[in-house]
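The next block holds one structure in the form of structure tokens; read it before the comments.
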């Protein structure tokens, strides 16, 4: 993420959102506003406004974070190898601004087999 975008976000975001989006933190499980949110619409990047996921791809994985089985399109998110915290995971970032969203796992219950585990504080929502 470019430094000028980080500086802008420092002024615009609350402390938790900034920590997650810029510093690759995570919110506490079961605390995010979109964890059990099931309205029809589109989830967008809180950092830049890019459309990322739709409500059609959302499901309750009982993990404490919003879960999706697919991104809106192949080019809306990027996957990055993450070996932080002694784990081997795949980080998910916004393809437009590179803000941290969460991680993707291959244990999803739908036909995609994927579970995009995304921080609520990285998202905004546009109702249908």
For segment 72-91, give me each residue that is in contact with a strand residue (DSSP E or B) (Cβ under 9 Å, 6 or more places away or on another chain), within 19 Å of residue 1 (Cβ to Cβ) and either in contact (Cβ under 8 Å) with a residue 60 or more places away in the chain or outside any strand (DSSP E or B) (or both). 76, 84, 91
For residue 64, the lone unmet condition from (1) touching a helix residue (DSSP H, G or I) at 6+ places or on another chain (Cβ under 8 Å); (2) surrounded by 12 or more Cβ atoms within 10 Å (Cβ to Cβ) is (1)
As an exercise: evaluate residue 5 against (1) touching a residue at least 24 places away in the same chain (Cβ under 8 Å); (2) surrounded by 17 or more Cβ atoms within 10 Å (Cβ to Cβ) and give the number of the one condition it does not meet. (2)
Show the residue pairs meeting these rules: Cβ distance below 8 Å; 6+ apart or different chains; first residue within segment 24-42 and loosely packed, with under 12 Cβ neighbours inside 10 Å; second residue at pLDDT 95 or above and outside any loop (DSSP other than H, G, I, E, B). 38/55; 38/58; 39/55; 39/125; 39/127; 40/55; 40/127
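Hey, does segment 16-33 have a residue that's under 13 Å from residue 116 (Cα atoms), over 12 Å from the mean Cα position of the chain (by Cα) and in a helix (DSSP H, G or I)?
no
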Could you check segment 40-70 and list, in sequence order, the residues that are touching a strand residue (DSSP E or B) at 6+ places or on another chain (Cβ under 7 Å), within 19 Å of residue 24 (Cα to Cα) and not in a strand (DSSP E or B)? 46, 47, 48, 50, 63, 65, 66
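Among the residues of segment 65-78, write down those that are more than 11 Å from residue 125 (Cβ to Cβ) and modelled with pLDDT of 95 or more. Can you show your working first?
Step one: filter segment 65-78 for residues more than 11 Å from residue 125 (Cβ to Cβ), giving 65, 67-78.
Scanning segment 65-78 gives 65, 67, 68, 69, 70, 71, 72, 76, 77, 78.
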Quick one: would you say residue 46 is surrounded by fewer than 20 Cβ atoms within 10 Å (Cβ to Cβ), within 11 Å of the chain's Cα centre (by Cα) and in contact (Cβ under 8 Å) with a residue 40 or more places away in the chain? no
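The values are calculated or read from the model by the stated rules, or taken from the named source; none is laboratory data. Everything quoted here is computed from the prediction, not taken from an experiment. As a convention, Cβ positions derive from the backbone with ideal geometry for all residues, glycine included, and neighbour counts pool all protein chains shown.
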